[in-house]
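*Asks:* Supplied in C-alpha cells, the structure appears directly below.
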Amino acid sequence: MTDISAMFVRKQIDAAHNLPDKAALYASVGLTEEEARLPDMRVRAEDYFQLLEIIAESEWPELRFHMRVCANMRCEEFGAVGLALKSAPTLRHGFKRMGRYARLYNKASDFSVEENEDIYCWTHRRPEPVRLGNFLSNEAALATFLTLCREASGADLTPVRVEFAHRREGGTASLADHFGIEPEFGADVDKMQFSLEDVDRPNPVGDAGIWKFFSDHLEQMLPPSVTEQDRLARQVIEEIASMLSDGVPQLADVAARLGMGTRTLQRRLAEGGRNYLKLVSVAQRELAQELVKETGYSLSEIAFLTGFSEQSAFTRAFKRWEGLTPGAFRQEQRTSIHAG
C-alpha cells in the first residue's frame, strides 16, 4: 500500500483537540514528533488511516478535525507544486497541470479533469480499502485542494457540486461548512465541479512568468516515461491479477475496485490507447511468469490461478507469450539458476 507524507500525520495530530497525549498518537504510526518533522519522512497508508480513525472516535459523531486541517493548508507547504498552482494565471491553467504534479506529493491518488458543457470537474480516485480512515483521507484530499485553489483565486471560490464515492456514518456538517455546499455521497467517483466562469477568471495573485518557472521545474522532477495513462493501465493490470483466481473479471468489476464507473474507465483506457482485453492478457502473462518461476504450484493450479478454465488453454497462451510451454519455461529457469 502506498505511503503518506508525515506532514499530514503531524497536522492531523495537531488538530486532535480531544486527545492530549500526542506522543501516543505519534507512536500509533511508529514515529516520534521529531521524526514526523523530517521533510522526507513517510508512514504506511494503513497506519495513517488508523490514526484518522482514532481521532475520529474522540470526536464522534460530529467530525471536524480533518476539515480544520484542510482549512489551514497553504500553497507554500506543498513546495513547487503549491506555488505553481498559486501563481497560475487562472484555475484552468492550474488544474491543467495539477493532475500530473499532484503525484509528487500524493502518490496514492489519481487526480484529473473532466469538462462537460458549462461545468469543469476535478476528480479524485484512490483504490484503497473500505474503511473510515480512507474515507476521511479522501474527503481531505478534495478539501485541501479547494483550500489551495481559494488561496490562488480568492476565498469566495465555491464548487457548484461536491460528490464522494463512499458512504459513511458520522457528522458531515464540517464538510458543508468547508466546501460551502452540502456534499453528496455514493457517487461513481470523488469530484468537485466548478463553473467555467470561476475556472477562467484571472487569479488575483497569478503571474504567468512565475507559473512557467515552477511548471518547468516540476516537469524536470517528473519521471518522463510515466504518464497518467500508464499509471491507470498499471492499476488495472494489478486489479485484474488480484482477481484472476475467480476467473477473468469483467471490466465493471475492475472499475468498481478502482472507484469509477464502467464507461469512465473504458473511456480513459481508450484515451491512452489501451484495450481492456489486452490488459487482461498482460495481467495473465505477468502472473503466470511469476508463478511458474517462483512457486512450486503445479501447472494445472497455475492455469486456475491465472483465470484459465483448462490447462490446455493456459499452455497454448503461455507458449504464445514466451515461445515455450510452461513446463519448458520452468525447466529453463531452473537450469539457468543452477548454472549461475
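*Asks:* May I ask for the longest run of the chain untouched by GluC sites (Glu not before Pro) that are loop-located per DSSP and have at most 11 neighbouring C-beta atoms (other than their own) within 10 Å?
*Replies:* Values: sites that count: Glu117, Glu169, Glu310.
Segment 170-309 is the longest.
*Asks:* Which trypsin sites (Lys or Arg not before Pro) does region 135-240 hold that lie in a coil by DSSP with at most 12 other beta carbons within 10 Å? Can you show the working numbers first?
*Replies:* Numbers: sites: Arg150, Arg161, Arg167, Arg168, Lys191, Lys212, Arg231, Arg234; in loops: Arg167, Arg168.
Within region 135-240, the qualifying trypsin sites (Lys or Arg not before Pro) (loop, at most 12 other Cβ atoms within 10 Å) are Arg167.
*Asks:* List the trypsin sites (Lys or Arg not before Pro) within region 4-96 that DSSP assigns to loop and that have no more than 14 neighbouring Cβ atoms inside 10 Å.
*Replies:* Numbers: sites: Arg10, Lys11, Lys22, Arg37, Arg42, Arg44, Arg64, Arg68, Arg74, Lys86, Arg92, Lys96; in loops: Arg37, Arg64, Arg74.
Sparse-neighbourhood loop trypsin sites (Lys or Arg not before Pro): Arg37, Arg74.
*Asks:* Given points 7 Å out from each Cα along the Cα-Cβ axis, report the Lys107 to Lys319 separation in nanometres with one decimal.
*Replies:* 4.2 nm
*Asks:* How long are the three semi-axes of the equivalent ellipsoid of region 1-46, in whole Å, if each is the root of 5 times an eigenvalue of the C-alpha gyration tensor, listed from largest down? Working shown, then result.
*Replies:* Numbers: eigenvalues 58, 24, 18 Å².
Output for region 1-46: semi-axes of 17, 11, 10 Å.
*Asks:* Now a separate question. Mind checking the alpha-carbon convex hull of region 89-143 and giving the volume per residue in Å³? List each step's numbers first, then the result.
*Replies:* On the way: hull volume 5.4 nm³, N = 55.
Residue-normalised Cα hull volume stands at 98 Å³.
*Asks:* So which chymotrypsin sites (Phe, Trp or Tyr not before Pro) in region 122-167 are both in a DSSP loop and have at most 14 other Cβ atoms within 10 Å of their Cβ? List each step's numbers first, then the result.
*Replies:* Working: sites: Trp122, Phe135, Phe145, Phe164; in loops: none.
In loop regions of region 122-167 (DSSP not H, G, I, E or B), there are no sparsely surrounded chymotrypsin sites (Phe, Trp or Tyr not before Pro).
*Asks:* How much area per residue is accessible in region 7-46 when the probe is 1.4 Å and only protein heavy atoms are counted (Å²)? Mind showing how you got there, number by number?
*Replies:* On the way: 2250 Å² over 40 residues.
Computed with neighbouring chains in place, this is 56 Å² per residue.
*Asks:* Using DSSP, restrict attention to beta bridges with both residues in the chain and report what percent are antiparallel, rounded to the nearest 5. Write out the running numbers ahead of the final one.
*Replies:* On the way: 20 of 23 bridges.
For the chain, the DSSP antiparallel bridge percentage is about 85.
*Asks:* Per residue, how many Å² of accessible area does region 162-223 show with a 1.4 Å probe? Could the numbers behind the result be given before it?
*Replies:* Details: 3070 Å² over 62 residues.
That works out to 50 Å² per residue.
*Asks:* Then there is this: Subtract the Cα-Cα distance of Ile181 and Arg161 from 0.36 nm times their separation in residues, and report this length gain in nm to one decimal.
*Replies:* Numbers: separation 20, 0.36 × 20 = 7.20 nm, distance 0.72 nm.
That works out to 6.5 nm of additional length.
*Asks:* Determine one quarter of the surface area of the Cα convex hull of region 234-329, which equals its mean projected area, and express it in nm² to one decimal. Can you show the working numbers first?
*Replies:* Values: hull surface 23.9 nm².
Average of the hull's projected areas for region 234-329 equals 6.0 nm².
*Asks:* Can you tell me how region 1-119 classifies by the Cα gyration tensor, rounded, prolate or oblate, using a/c under 1.5 as the rounded cut?
*Replies:* Working: a/c = 2.16, a/b = 1.74, b/c = 1.24.
It comes out prolate by the Cα gyration axes.
*Asks:* Would you please state the base-10 log of I(q)/I(0) at q = 0.09, 0.10, 0.11 1/Å for the chain, with intensities from the Debye formula using one equal scatterer on every alpha carbon?
*Replies:* Scattering profile of the chain, log10 relative to I(0): -0.59, -0.70, -0.82.
*Asks:* With a 1.4 Å probe and every protein chain kept in, tell me what percent of the accessible surface of the chain is carbon plus sulfur.
*Replies:* Numbers: 8200 of 16180 Å².
Carbon and sulfur atoms account for 51 percent of the accessible area of the chain.
*Asks:* Across the chain, how many lysine pairs separated by 8 or more positions, or lying on different chains, have Cα atoms within less than 16 Å?
*Replies:* Numbers: Lys11/Lys22; Lys86/Lys96; Lys86/Lys212; Lys96/Lys191; Lys96/Lys212; Lys293/Lys319.
The result is 6.
*Asks:* Okay, next question. Which percent of Cα-Cα pairs in region 57-129 sits in each 10 Å bin, short to long?
*Replies:* Taking every Cα pair in region 57-129, the percentages come to 16, 38, 33, 12, 0.
*Asks:* Restricting everything to alpha-carbon atoms, can you work out Rg to Rh for region 128-274 with a Kirkwood hydrodynamic radius? Intermediate values should be presented prior to the final figure.
*Replies:* On the way: Rg = 18.3 Å, Rh = 18.0 Å.
Rounded to two decimals, Rg/Rh equals 1.02.
The values are calculated or read from the model by the stated rules, or taken from the named source; none is laboratory data. Quick caveat, the model's predicted, so the values are computed rather than measured. Cβ atoms come from the backbone with ideal geometry, glycine included; neighbour counts cover every protein chain shown. Keep in mind that these areas ignore ligands, DNA and RNA; they rest on the heavy atoms of the full protein, side chains included. Shrake-Rupley method; radii C 1.70, N 1.55, O 1.52, S 1.80 Å.
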